Amino acid sequence: MSGFLDGIRCGDCECNVDWAERRNTIASIAAGVLFFTGWWIIIDAAVLFPLEEQFHHAYHTCGVIATVAFLMINAVSNGQVRGDSYSEGCMGQTGARIWLFLGFMLAFGSLIASMWILFGDFVVHKKDFVYPGIAIFFQNAFIFFGGLVFKFGRTEDLWQ
């Protein structure tokens, strides 16, 4: 029983796809799907609970901040942060690192704020419906993980 997987051969199919060459494409598509899913969930919650008493419209702020953080995190390349390809500009490598740090702070802050809204307004107060709070959390979680996939899932070696 210990060698039941020995007979299975991986990579012998007729479709020889070089996954390393398609890494940027796959990471971009995955990040886009995560980002889209996050916004789709919150749009669904806003349509199902249109009243202000059910779903406060100010709660959309977390998703907007997460989207801004997504853009900030991915606006600087890894080469700029390391100092390989960026030596000029406002503050050079230090400016790129500060920009990335602020982007991550906004991303984590919006994720924590969405948890605060979920538990503080929907779980603790024991409302009849919890879906808007769950939608806010999942929106921010999907945008956050989409930003991470888009930042760290791609490689810059193919850009040169």
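The values are calculated or read from the model by the stated rules, or taken from the named source; none is laboratory data. Predicted model, so just to flag it, every value in this text is computed and none were measured. Cβ: placed from backbone, ideal geometry, glycine included. Neighbour counts: every protein chain shown.
Residues that are surrounded by 13 or more Cβ atoms within 10 Å (Cβ to Cβ) and either free of Cβ contacts under 8 Å to residues at least 60 places away in the same chain or within 18 Å of Ile143 (Cβ to Cβ) (or both) within the stretch 44-54 comprise Asp44, Ala45, Ala46, listed in sequence order. Of all the numbered requirements in (1) at pLDDT below 95; (2) within 21 Å of the chain's Cα centre (by Cα); (3) surrounded by fewer than 20 Cβ atoms within 10 Å (Cβ to Cβ), Ile65 misses one, and that requirement is (1). Residues in the stretch 68-89 that are in a loop (DSSP other than H, G, I, E, B) and touching a Phe, Trp or Tyr at 6+ places or on another chain (Cβ under 9 Å) were compared, and the one that is modelled with the highest pLDDT is Asn74.
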